[in-house]
Amino acid sequence: MPRFHSAKLLSRRQWSDDLCSITLDKILDFAPGQFVNLAAARGSTAAFRPYSLASAPGENCEFLITRVEGGALSPSLFELKVGDELGLETTPEGLFQLRFVPAVPEMWFLSTGSGLGPFVSMIRDPATWEKFERIIMVHGVRQHEQLAYLSSDFDAVPRGALTWIPVLSRERNPIFLNGRIPALIESGSLEKTAGISFEEKRCHIMICGNPEMIKDTTAVLKAKGLRKHRQRKPGHWSTEKYW
Ligand SMILES: Cc1cc2nc3c(=O)[nH]c(=O)nc-3n(C[C@H](O)[C@H](O)[C@H](O)COP(=O)(O)OP(=O)(O)OC[C@H]3O[C@@H](n4cnc5c(N)ncnc54)[C@H](O)[C@@H]3O)c2cc1C
Ligand SMILES: NC(=O)c1ccc[n+]([C@@H]2O[C@H](COP(=O)([O-])OP(=O)(O)OC[C@H]3O[C@@H](n4cnc5c(N)ncnc54)[C@H](OP(=O)(O)O)[C@@H]3O)[C@@H](O)[C@H]2O)c1
């Protein structure tokens, strides 16, 4: 059972009915990519679930959260008002961190839904930009209403170093790529949009969100000759499944 401390909601950004970012009044010592448990209340019987930090280290804790209809915890996080209290575990966990991946010129961040959160934390951290020359941020959602964050949220990004590619699966929209991430890799559309390819010696790929997306994406990357990254046998992709 994790130990929870009381935190207060400082602010909320509502991106759509089912997607929001919340900021709490606490600062934690963590590395981008790590997660902590949140609880609706501090009591031992309250539901708790892990959430990835989306803030930069040293800033107030921020989380990007999807409402799962009928879920035990996430709907109640959407009910919180500014000043309300919730339970925050203060010991971050998780190995989905940049210090465990090779330094390469081109980093690809592939996400669906709230799986964008840990990558937001990473690009907010100036240390990230000492390790990679270019980052391609791919965010897959159903419709454009579920896209989150604005370029003005990212002061730490060097000019021209970040390419943000939204992907919509259930809306035909000429401004964005349409379809699912694995199919867009297979067809070459994603590489064409980014203007670079998945080159074995130049890239690493971090993938976060829907486990089926992760399964299908890694299968396509494997077919391209890339392999899973392990500390003992360096490879090309690292993953974080949300369920
Ligand atoms: C390491 C880790 C980090 C996570 N970080 C985040 C985060 O930053 N933001 C976030 O919104 N969620 C995150 N999650 C998911 C989160 O922990 C909960 O599972 C989610 O909020 C649902 O909890 P619930 O009690 O409302 O639903 P439950 O009653 O627990 O229902 C769970 C079901 O909801 C679905 N589900 C779970 N998470 C999601 C999701 N994000 N999007 C769509 N469907 C989902 C799955 O079908 C799952 O079986 C993370 C999970 C893990 C393991
Ligand atoms: N009420 C609503 O209108 C509404 C709307 C959105 C979300 N929600 C709630 O939010 C929850 C989460 O929804 P979400 O949209 O954030 O998460 P999601 O269902 O994981 O979908 C996010 C993105 O992942 C894609 N995806 C799913 N499986 C994939 C695979 N195997 N390979 C590649 N891509 C894949 C989806 O494409 P596809 O579209 O092709 O599946 C979508 O673009 C839902 O359970 C629901 O409770 C409700």
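The values are calculated or read from the model by the stated rules, or taken from the named source; none is laboratory data. Being a predicted model, the structure only gives us computed values, none of them experimental. So basically every Cβ, Gly included, is an ideal-geometry build from the backbone, and we count neighbours across all protein chains shown.
Note on region 215-233: residues that are touching a residue at least 40 places away in the same chain (Cβ under 8 Å) and loosely packed, with under 12 Cβ neighbours inside 10 Å total 1. Would you tally the residues in region 106-144 being more than 16 Å from ligand 2 (Cβ to nearest atom) and either touching a Leu at 6+ places or on another chain (Cβ under 7 Å) or hydroxyl-bearing (Ser, Thr, Tyr) (or both)? Total satisfying the criteria: 6. Go through (1) surrounded by fewer than 19 Cβ atoms within 10 Å (Cβ to Cβ); (2) free of Cβ contacts under 8 Å to residues at least 60 places away in the same chain and name the single condition His139 misses. With respect to (1) surrounded by fewer than 19 Cβ atoms within 10 Å (Cβ to Cβ); (2) free of Cβ contacts under 8 Å to residues at least 60 places away in the same chain, His139 is out only on (1). Just one of (1) more than 14 Å from ligand 2 (Cβ to nearest atom); (2) free of Cβ contacts under 8 Å to residues at least 60 places away in the same chain; (3) among the acidic types (Asp, Glu) fails for Glu199. It is (2). Which one is surrounded by the fewest Cβ atoms within 10 Å (Cβ to Cβ) among residues in region 40-53 that are more than 7 Å from ligand 1 (Cβ to nearest atom) and in contact (Cβ under 8 Å) with a residue 12 or more places away in the chain? Per the criteria, the residue is Ser44.
Within region 20-39, being in contact (Cβ under 8 Å) with a residue 40 or more places away in the chain and part of a loop (DSSP other than H, G, I, E, B) holds for Lys26, Leu28, Asp29, Phe30, Ala31, Pro32, Gly33, Gln34. Selection of region 167-215 for residues being within 16 Å of ligand 1 (Cβ to nearest atom), farther than 16 Å from Trp237 by Cα and among the polar types (S, T, N, Q) yields only Ser169. All conditions in (1) over 22 Å from Gln146 (Cα atoms); (2) surrounded by 15 or more Cβ atoms within 10 Å (Cβ to Cβ); (3) of a type in the set (A, V, I, L, M); (4) in the same structural domain as Ser52 (by TED's automatic domain parsing) hold for Leu80, with the sole exception of (1). Residues in region 157-168 that are crowded, with 16+ Cβ neighbours inside 10 Å and either in a loop (DSSP other than H, G, I, E, B) or not β-branched (Val, Ile, Thr) (or both): how many? Residues flagged as crowded, with 16+ Cβ neighbours inside 10 Å and either in a loop (DSSP other than H, G, I, E, B) or not β-branched (Val, Ile, Thr) (or both) within region 157-168 amount to 5.
Phe35 meets the conditions (1) more than 12 Å from ligand 1 (Cβ to nearest atom); (2) under 19 Å from Trp243 (Cα atoms); (3) within 17 Å of the chain's Cα centre (by Cα) in every case but one. The failed one is (1). Scanning region 142-156 for residues being assigned to a loop (DSSP other than H, G, I, E, B), surrounded by 17 or more Cβ atoms within 10 Å (Cβ to Cβ) and at negative phi gives a total of 2.
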